[in-house]
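Taking it in order: structure first as structure tokens, then the write-up.
The values are calculated or read from the model by the stated rules, or taken from the named source; none is laboratory data. This is a predicted model, so every value here is computed, not measured. As a convention, Cβ positions derive from the backbone with ideal geometry for all residues, glycine included, and neighbour counts pool all protein chains shown. The area values use the complete protein model at the heavy-atom level, side chains included, leaving out ligands, DNA and RNA. Shrake-Rupley method; radii C 1.70, N 1.55, O 1.52, S 1.80 Å.
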Amino acid sequence: MHWEYVIAGYSIVGVGLAVYAVSLIRTGRALARQVPPKRRRFLD
Amino acid sequence: MTISDSSSGAGTEAQDSAPQNAAPDGASTGDSTPANTGSRGTRRLGVAALLATAALLLFGLVLSPPEASQAEAVRLFYLHLPSVAVAYLGFFITMVASIIYLRKGSLFWDLVAGSAAEIGVVFSAFMLISGSLWGRPTWGVYWVWDPRLTSTTVMVVMYIGYLAVRRLELPPEVRSRRAAVLGIVSFLNVIVVRYSVKWWRGVHQGETVGLDTQMDGLQLFSFFVGLVAFMLIFAWMLIHRFRISWLRHEIDEQALAQALAERRAETNATGLLGRKN
């Protein structure tokens, strides 16, 4: 009973987290390429 | 040093501009520093977060028993309350980092404040969505203008406003100071949200997990698994988001230095021509 709400909740949050995480990785990768290695502080 | 999270340019815009120090496919550039925001620490954190998330799915959806009155809908609790906790944590970090920024003027804390606020807003969205979906089977409606829900909505709007202030076209120091003040003031609303169920009467339940919690052992354990999973995800996201802000700042500094150099060269050339004439 009420499984539809449970599945919808877990799916929306799961997909939302995944989309945000992937956007962070992709944005970070794109930006890091534009910064010289010696100026990439905080990246390791 | 420019004290600001210059987040006016989106990642894609930054990608479009000519990458003068480009490294192929975002891999290492020969230097030990990676051309991405990942590191050994974040990779370990990511693996731990994935394992904890798998455990949350196992306990939250399979192993924990349904509740007597809410039946299966109680499983949304393992998602909803950890989202609340992480959103509050994000906003708390924003407040603390904003105070430190105003005292020290440190770019580091300014970027931490902005990064934590953005992730706090993301988890607030999950909190509202999971709460609405939980409300439908338990209250009979997805949404009601209850004191807790109303104050939560105001809180989210305030933090979206905070993120908007960070994107204003203002001198970086002014923008960061205004954002810091808003980051501190906005946290007052988090306190209002927290105590709204005690101060005003509404449909939202009071404290769910406390010293006198009457929950089944496995249900309580599932909640803690969810809390650990979301905390690990939050930490992973905060580190990556901070590094993105830092990289944007560096790119802005580079662009400014380049523009100044071009201007200087232009002025020198004009001066030489003037002297020749």
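Residues in the stretch A:1-24 that are more than 7 Å from every other protein chain (Cβ to nearest Cβ) and β-branched (Val, Ile, Thr): A:Ile7, A:Val15, A:Val19, A:Val22. Sort out which residues of the stretch B:57-77 are more than 9 Å from chain A (Cβ to nearest Cβ), assigned to a helix (DSSP H, G or I) and in contact with a helix residue (DSSP H, G or I) (Cβ under 6 Å, 6 or more places away or on another chain), and write them in order of number. Result: B:Phe59, single match.
If only one of B:Arg194, B:Arg175 is away from every other protein chain (no Cβ under 14 Å), touching a residue at least 24 places away in the same chain (Cβ under 8 Å), basic (Lys, Arg) and in contact with an Asp or Glu (Cβ under 9 Å, 6 or more places away or on another chain), which one is it? Show your work before the answer.
Details: B:Arg194 fails: in contact with an Asp or Glu (Cβ under 9 Å, 6 or more places away or on another chain).
Checking each option against the conditions leaves just B:Arg175.
Listed by first and then second residue, the pairs linking a residue in the stretch B:249-270 that is in contact (Cβ under 8 Å) with a residue 60 or more places away in the chain to a residue that is not hydrophobic (A, V, I, L, M, F, W, C), with Cβ atoms under 6 Å apart and 6 or more places separating them unless they lie on different chains, are B:His249/B:Ser6; B:Ile251/A:Gln34; B:Asp252/B:Ser6. Quick one: would you say B:Ala14 is at the interface with chain A (Cβ under 7 Å from one of its Cβ atoms), open to solvent by less than 50 Å² (accessible area, probe 1.4 Å) and at pLDDT below 80? Taking the combined requirement at face value, the residue satisfies it. Any residue that is more than 8 Å from chain A (Cβ to nearest Cβ), in a helix (DSSP H, G or I), crowded, with 16+ Cβ neighbours inside 10 Å and at pLDDT below 95 - is there at least one of those in the stretch B:109-118? The answer is no, given that none of the residues of the stretch B:109-118 is more than 8 Å from chain A (Cβ to nearest Cβ), in a helix (DSSP H, G or I), crowded, with 16+ Cβ neighbours inside 10 Å and at pLDDT below 95.
Among the residues in the stretch B:140-153, are any touching a Ser or Thr at 6+ places or on another chain (Cβ under 8 Å), touching a residue at least 60 places away in the same chain (Cβ under 8 Å) and crowded, with 19+ Cβ neighbours inside 10 Å? Checking the stretch B:140-153: not a single residue is touching a Ser or Thr at 6+ places or on another chain (Cβ under 8 Å), touching a residue at least 60 places away in the same chain (Cβ under 8 Å) and crowded, with 19+ Cβ neighbours inside 10 Å. All conditions in (1) assigned to a helix (DSSP H, G or I); (2) of a type in the set (Val, Ile, Thr); (3) facing chain B (nearest Cβ under 7 Å) hold for A:Val35, with the sole exception of (1).
A quick yes/no check of all residues on (1) modelled with pLDDT of 90 or more; (2) among the aliphatic types (A, V, I, L, M); (3) open to solvent by 30 Å² or more (accessible area, probe 1.4 Å):
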{"residue": "A:Met1", "(1), (2), (3)": "no, yes, yes"}
{"residue": "A:Glu4", "(1), (2), (3)": "yes, no, yes"}
{"residue": "A:Ile7", "(1), (2), (3)": "yes, yes, yes"}
{"residue": "A:Ile12", "(1), (2), (3)": "yes, yes, yes"}
{"residue": "A:Ser23", "(1), (2), (3)": "yes, no, yes"}
{"residue": "A:Arg29", "(1), (2), (3)": "yes, no, yes"}
{"residue": "A:Pro36", "(1), (2), (3)": "no, no, no"}
{"residue": "A:Arg39", "(1), (2), (3)": "no, no, yes"}
{"residue": "A:Phe42", "(1), (2), (3)": "no, no, yes"}
